[in-house]
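Okay, structure first, notes after.
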Amino acid sequence: MGRLLHILILPVLAFCVACGQAQESPEEVFALLDLDRPGLERVKASCEKAQWEEASVALLEYYRAREGVYIPGQDSRTATEKDRLWADDALRHTFHVLEEPVWNYGKDIDWEYWPVKDIEMRVQLHRQGWWASLGKVYCTTGDEKYAREYVAEFRDWVKKNPYKPFGIDQKGTVSSGSIDVDAPNECFAWRPLEVGIRLLRWCAHFSLFLESGSFTPEFLLEFLREYHRNASVLMQSFSPAGNHLIHQSSGILRAGICFPEFKDAGAWVKAGVDNLNQEISRQSYPDGCHFELDPGYHIGFVQSYDDAIQMAFRNGRMDLFPPECLEQLVRMTNYYLDYRYPDGTHPCFSDARRGDDLADQELLEHVDRYCDAHLEPSQKSSGHPDSGFYTFRNGRSGSSIIMPVKATGRGMWHAQPDFGTFELWAYGKVLMPDAGAYTYSGDEEIERERAYFKQTARHNALTLDDRDYDDPQPVVLAWDPEAGLLSVQHEAYEGLTRRRSIRFVDGKYFVVEDEVRGSACGRLTLRNCLGRGTLTQTAGGFEYRDGDAGLLISVSGPEGSVVSVEQDWCSEAMHEKYSRPVIRLDATRAPGSGVQRFTTVLRPFSSISK
């Protein structure tokens with residue numbers, strides 16, 4: 001009898017070990033599921049007999065045949081060249097955590113490897129963005145090595161990154177940007193933002209690999225157990241506010257809708273949709289701008305809601321989102337389309353990067369699916385005084401002239417003290433890019449880099465002794481899009497009021513006038529920052545060329561002003577920067593100086609039509 005018991009127990013023990021952690025039995029995984037759901041009859045019958053292998057086989061068959069549940073990403077199965085590169089690199093454990101830099105994490109993956117102490121590089125590792133590339137290449141080629149690699153990496157991550165409570169008061173759990181660089185690994189691997197993003201992404205991975213021979217019944221239980229663990233952790237650690245909460249809420253909502261078999265699915269859906277319906281008005285201005293005042297975070301916010309609402313729409317759950325939520329999403333999408341460039345990129349204000357986003361038409365199609373209100377991208381200049389973004393434009397084609405202006409308050413952590421800064425696009429090129437951000441947060445060196453790019457003196461702005469602006473309280477003195485006029489004012493420093501007026505003359509060129517008044521004294525410096533092109537001095541000022549696009553620039557200031565050219569840095573992508581020319585105009589502000597004015601004239605041209 002003892003030998004017989006030993007023979008019967010061995011397969012069960014082997015199955016438990018195959019499920020990952022031997023102390024968690026298959027029975028515990030099945031206990032998470034509502035086995036009374038239609039389609040799970042065979043699974044339930046096997047569980048009642050403690051036939052765990054049979055139950056897991058039946059469960060995998062159920063998921064492979066399941067209908068009526070749409071998982072976002074399940075339609076995107078064709079690999080691009082970038083997917084092939086990322087997937088082939090992943091086979092060697094060279095992970096594209098972001099576009100750049102790319103590091104190899106070793107034959108025995110070191111999930112704590114961190115050669116550049118930028119927080120973003122560390123936390124992105126735990127979002128496993130390259131797993132989607134492995135899945136798409138597997139679906140495109142049918143080569144099982146990509147599926148085997150995914151399963152191996154998933155198991156390795158689970159084994160080496162166990163959850164340990166660290167408290168939601170840990171730095172970085174809200175949109176404050178930082179985690180202490182010497183914090184334990186769980187603060188990076190299990191920060192609530194990363195948990196929410198895993199819930200979003202793992203659904204797509206599930207659908208991409210589900211038919212693979214490597215996606216065995218045993219692995220299915222491992223996946224479900226770990227997915228449930230992530231959802232359970234997030235339910236206890238939502239960020240109290242900020243853009244992190246949006247990703248977390250979208251993640252938990254997706255978990256509930258895409259895996260309704262979990263007993264907790266209903267609670268997950270409620271938590272996610274309650275947060276999303278509340279936060280859309282809390283985190284956006286009435287005009288539709290996201291409160292981070294950052295184009296990148298704005299479109300990320302829009303896409304998060306778009307993803308959540310599309311998922312509800314495709315799964316027959318539009319009852320989850322009230323009309324006012326959908327109406328605000330339309331305003332937010334229109335807002336984004338207003339300042340977007342024809343090539344699909346957006347300004348590098350604050351922490352934004354230059355990468356392109358959803359095409360205009362794709363955004364239009366998405367939102368038109370579930371909203372009665374239609375998107376109407378403006379063909380002419382448009383303004384959003386509630387938040388402080390304005391865009392001058394004479395069209396939406398590649399040959400258009402466009403100037404987005406950021407005249408906002410200080411904003412949240414991702415914003416910068418850059419009141420009145422602008423970018424200038426003309427004839428297919430961003431001729432005057434904003435400074436960008438280069439890094440997020442991390443060790444002392446990373447923080448120095450971030451502080452450098454964040455300075456007011458790095459922008460198309462006027463400074464006093466190159467100090468950062470005080471918190472501005474913007475005042476709109478004039479906004480007339482038909483006449484092409486914007487005039488805004490703020491208390492730049494104690495004792496110094498600055499007014500910036502921009503005129504878009506005949507839809508062809510710009511006159512930017514800066515006027516200062518007050519008792520403060522020191523060195524006034526006006527900067528006009530250019531891009532990757534070549535700057536030459538002319539009799540009337542300067543000529544700047546970048547390919548076929550060009551810009552004639554003239555500057556003038558108070559009596560005694562000195563014009564010079566300096567080199568400075570610009571960053572349009574994470575951890576990438578380049579040197580670019582900056583035209584500076586310096587003047588002295590002495591006691592009794594009165595009102596002082598600086599004038600910049602910007603005339604874009606194309607060498608093709610010049």
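The values are calculated or read from the model by the stated rules, or taken from the named source; none is laboratory data. None of the values given here were measured: they were computed from a predicted structure. For neighbour counting, all protein chains shown are included, and Cβ atoms are generated from backbone atoms with ideal geometry for every residue, glycine included.
Structure data summary
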quantity	calculated
Residues (among the acidic types (D, E), more than 29 Å from G547 (Cβ to Cβ) and at pLDDT 95 or above) located in the range 557-610	D586
Options V181, V158; residue that is buried (at least 16 other Cβ atoms within 10 Å of the Cβ) and modelled with pLDDT of 95 or more	V158
Residue, farthest from Y440 (Cα to Cα), within the range 558-575, restricted to residues that are part of a strand (DSSP E or B) and of a type in the set (A, V, I, L, M)	V562
Extreme residue, farthest from R64 (Cα to Cα), among residues of the range 228-244 that are part of a helix (DSSP H, G or I) and in contact with a helix residue (DSSP H, G or I) (Cβ under 6 Å, 6 or more places away or on another chain)	N243
Y390 closer than 27 Å to N528 by Cβ, at pLDDT below 90 and not acidic (D, E)	no
Leading residue by the ranking (farthest from the chain's Cα centre (by Cα)) among those in the range 264-317 that are farther than 21 Å from D418 by Cβ and β-branched (V, I, T)	V269
Pairs where the first residue, in the range 123-135, is in a loop (DSSP other than H, G, I, E, B) and the second is among the acidic types (D, E), C-beta under 8 Å, 6+ apart	H126/E194; R127/E194; Q128/E153; W130/D89
Residues being over 20 Å from the mean Cα position of the chain (by Cα) and free of Cβ contacts under 8 Å to residues at least 60 places away in the same chain - total across the range 94-120	12
In the range 405-422, residue modelled with the highest pLDDT [restricted to those that are surrounded by fewer than 24 Cβ atoms within 10 Å (Cβ to Cβ), under 19 Å from E572 (Cα atoms) and not aromatic (F, W, Y)]	P417
Any hit, the range 315-334, residues being of a type outside the set (A, V, I, L, M, F, W, C), out of contact with any Ser or Thr (no Cβ under 6 Å at 6 or more places or on another chain) and either under 21 Å from A573 (Cα atoms) or buried (at least 23 other Cβ atoms within 10 Å of the Cβ) (or both)	yes
Conditions (1) closer than 30 Å to Y390 by Cβ; (2) assigned to a helix (DSSP H, G or I); number of the one not met by E222	(1)
Qualifying residue in the range 425-440 (condition: assigned to a helix (DSSP H, G or I) and among the charged types (D, E, K, R))	no
Criterion violated by W268 - all others in (1) more than 30 Å from A415 (Cα to Cα); (2) surrounded by fewer than 20 Cβ atoms within 10 Å (Cβ to Cβ) satisfied	(2)
Failed item in (1) in a loop (DSSP other than H, G, I, E, B); (2) of a type outside the set (S, T, Y); (3) without any contact (Cβ under 8 Å) to a residue 24 or more places away in the chain, with I179 passing the rest	(3)
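A quick yes/no check of all residues on (1) in the same structural domain as K159 (by TED's automatic domain parsing); (2) under 24 Å from P192 (Cβ atoms); (3) touching a Phe, Trp or Tyr at 6+ places or on another chain (Cβ under 7 Å):
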residue: W86; (1), (2), (3): yes, no, yes
residue: R92; (1), (2), (3): yes, no, no
residue: F95; (1), (2), (3): yes, yes, yes
residue: P101; (1), (2), (3): yes, no, no
residue: I109; (1), (2), (3): yes, yes, no
residue: Y113; (1), (2), (3): yes, yes, yes
residue: D118; (1), (2), (3): yes, yes, yes
residue: R127; (1), (2), (3): yes, yes, no
